[in-house]
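Accompanying notes for the structure given below.
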Amino acid sequence: MLHKTLKQFPKGFLWGASTSAYQVEGASLTNGKGPSVQDVKTPPAGTSGFEVAADQYHHYKEDVALMGEMGFRTYRFSISWSRLLPEGTGRVNQEGVDYYNALIDECLKYGIQPLVTMYHFDLPAALEERGGWANRATVDAFVEFSELMFRSFGDRVRYWLTINEQNMMTLAAEAVMGIDFSKFDNPNKHVYEMNHNMLLAQAKAMCLCHQMLPDAKIGPAPNIALVYPASNKPEDILAAQNFNALRNWLYLDMAVYGIYNNLVWSWLEEQDATPENIQVGDMEIMRAAKPDFIAFNYYSTATVAMPGPGEAGTSGDQQRGATIEGFFKAMPNPNLPRTEFGWEIDPIGFRNTLREVYSRYHLPILITENGLGAYDKLEEDGSVHDQYRIDYLRAHIEQMRLAISDGVQMLGYCPWSAVDLISTHEGIVKRYGFIYVNRDEFDLKDLKRYRKDSFYWYKKVIASNGEELG
Ligand code: BGP
């Protein structure tokens with residue numbers, strides 16, 4: 001659709017950026033924090049662990065001041081579950097509560113709305129030892145953790161995100177959490193029973209939020225990307241529908257309508273993998289829980305074809321596609337360039353995805369991640385010339401504005417990431433931030449902060465409410 005006049009970004013649009021606790025904070029086993037699954041996993045070869053990360057725990061004042069300088073209207077960060085509840089449930093670590101109170105107050109000092117992710121890949125290790133999400137008790141623990149957060153921070157936090165990328169924890173558990181489910185007899189049964197408990201935990205948290213904090217807004221935050229068919233062969237269209245259902249609609253259909261997506265359900269039936277842990281009353285809770293918005297992370301679209309008979313499955317990460325026998329197979333998209341780390345770049349796909357999500361669910365959309373991982377270079381004079389990142393973000397913001405002109409209602413845009421941090425599985429060298437953090441993979445250096453070229457560029461974008469993208 002061509003627009004003669006583009007609509008403007010709404011007044012009060014939430015420009016900001018994102019991080020997650022385990023990737024940015026450091027102080028991972030100090031100050032009363034208990035270990036999370038991220039702290040006990042073996043990091044992929046050649047990448048550092050999360051002990052220090054970007055050390056935001058000790059640099060938050062400086063980081064928030066830099067975000068204030070960029071003009072952020074929001075900062076999306078996550079609360080570490082095991083920093084508040086070291087064993088996942090029960091005893092509260094007051095030092096953890098104090099830290100997040102201080103971080104929230106620091107944001108508010110600069111007029112930055114805290115946007116809190118309640119759970120971002122870092123389940124307390126103590127809960128994982130007791131079966132993790134496969135154990136129904138973890139649902140109760142999440143409700144307890146939610147109640148503690150709403151009670152402690154709800155007077156100042158208006159925007160809440162339940163679970164970051166539940167779909168990637170289900171589809172790419174190895175890459176994002178270092179967990180391998182293949183040891184189970186019927187891995188999919190185990191995984192989709194965990195998934196059910198997580199969906200239930202999310203629904204309960206949304207209901208509790210509305211009950212305790214009537215003015216607050218809450219929504220899910222999956223990784224959503226439209227899936228293209230590799231050709232116009234009808235079989236490839238089926239494959240695209242299959243993967244769209246499995247990676248996208250399963251999560252949003254449940255969050256918004258409280259229903260299991262039929263394509264996914266019948267695929268699970270075929271493998272004797274439908275969740276048997278659904279209890280009486282669960283589906284009523286799912287239907288009663290209503291998000292106020294849909295948040296999602298977008299990096300790129302996916303492309304699939306229908307696999308031939310007997311073509312084996314493969315695994316992927318959040319963006320590099322996987323193949324599931326008889327269901328879909330990941331294909332490269334020859335029309336798209338790639339990042340240095342092999343992720344396809346598809347700004348128009350961002351508009352396609354926004355249009356599709358809005359027309360399916362009719363809820364305002366908040367973008368909670370979007371960005372480019374690259375090997376940045378700190379120059380002698382302290383500058384970092386990351387024009388490639390500016391180009392990536394500019395192209396996505398342009399497409400977001402076109403989506404707004406198409407009638408998509410948007411609340412805000414938070415690229416990944418506010419400051420450099422540790423990637424899920426590719427180390428600190430895969431940088432995303434507007435703010436450079438001076439450390440290497442294993443040499444911590446001085447952790448000093450530097451403004452990248454994208455920092456100055458984004459500041460202008462925000463000051464002009466998205467008009468000046470030059
Ligand atoms: C998302 C996660 C983030 C972040 C980002 C970039 O899937 O929510 O935690 O890490 O992807 O991915 P990566 O770090 O693998 O490059």
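The values are calculated or read from the model by the stated rules, or taken from the named source; none is laboratory data. All of these numbers come straight from a predicted model, not from anything done at the bench. Cβ coordinates were reconstructed from backbone atoms using ideal geometry, including for glycine residues, and neighbour counts include every protein chain displayed. These accessible areas exclude ligands, DNA and RNA; they are computed on the full protein's heavy atoms, side chains included. Shrake-Rupley method; radii C 1.70, N 1.55, O 1.52, S 1.80 Å.
Here's the yes/no breakdown for (1) more than 16 Å from the ligand (Cβ to nearest atom); (2) over 18 Å from Phe296 (Cβ atoms):
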| site | (1), (2) |
| --- | --- |
| Ser405 | yes, yes |
| Met410 | yes, no |
| Ile422 | no, yes |
| Glu426 | no, yes |
| Val429 | no, yes |
| Arg451 | yes, yes |
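All conditions but one from (1) within 16 Å of the ligand (Cβ to nearest atom); (2) surrounded by fewer than 17 Cβ atoms within 10 Å (Cβ to Cβ); (3) among the hydrophobic types (A, V, I, L, M, F, W, C) apply to Ala302; the one that does not is (2).
Residue by residue, here is whether (1) under 19 Å from the mean Cα position of the chain (by Cα); (2) at pLDDT below 95; (3) among the aliphatic types (A, V, I, L, M) holds:
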| site | (1), (2), (3) |
| --- | --- |
| Lys33 | no, no, no |
| Pro44 | no, yes, no |
| Ala53 | yes, no, yes |
| Leu66 | no, no, yes |
| Met70 | no, no, yes |
| Ser78 | yes, no, no |
| Trp81 | yes, no, no |
| Leu84 | no, no, yes |
| Thr89 | no, no, no |
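Within the range 157-170, the set of residues being part of a helix (DSSP H, G or I) and within 11 Å of the ligand (Cβ to nearest atom) comprises Gln166, Asn167, Met168, Met169. Within the range 195-242, being among the small types (Gly, Ala, Ser) and either assigned to a strand (DSSP E or B) or open to solvent by less than 30 Å² (accessible area, probe 1.4 Å) (or both) holds for Ala201, Ala203, Ala205, Ala216, Gly219, Ala221, Ala225, Ala239, Ala240. Those strands (runs of 3 or more DSSP E) of the range 352-470 in which at least 1 residues are touching a residue at least 24 places away in the same chain (Cβ under 8 Å) and under 22 Å from Val52 (Cα atoms), considering only elements entirely within it, cover 435-437, 449-451. Here Leu238 clears all of (1) out of contact with any His (no Cβ under 6 Å at 6 or more places or on another chain); (2) under 20 Å from Phe296 (Cα atoms) except the condition numbered (2).
Among residues of the range 18-30 that are among the acidic types (Asp, Glu), those with a Cβ under 7 angstrom from a residue that is within 15 Å of the ligand (Cβ to nearest atom) and open to solvent by less than 10 Å² (accessible area, probe 1.4 Å), sequence gap 6+ or separate chain, pair up as Glu25/Ala53; Glu25/Gln56; Glu25/Ser80. Could you check the range 305-363 and list, in sequence order, the residues that are open to solvent by 70 Å² or more (accessible area, probe 1.4 Å), closer than 18 Å to Leu246 by Cα, more than 16 Å from the ligand (Cβ to nearest atom) and among the basic types (Lys, Arg)? Answer for the range 305-363, where residues must be open to solvent by 70 Å² or more (accessible area, probe 1.4 Å), closer than 18 Å to Leu246 by Cα, more than 16 Å from the ligand (Cβ to nearest atom) and among the basic types (Lys, Arg): just Arg360.
Take Met194 and tell me if it is within 16 Å of the ligand (Cβ to nearest atom), within 19 Å of the chain's Cα centre (by Cα), under 30 Å from Asp272 (Cβ atoms) and hydrophobic (A, V, I, L, M, F, W, C). Taking the combined requirement at face value, the residue does not satisfy it. The selection criterion, being within 13 Å of the ligand (Cβ to nearest atom) and in contact with a Lys or Arg (Cβ under 8 Å, 6 or more places away or on another chain), does not hold for Tyr436.
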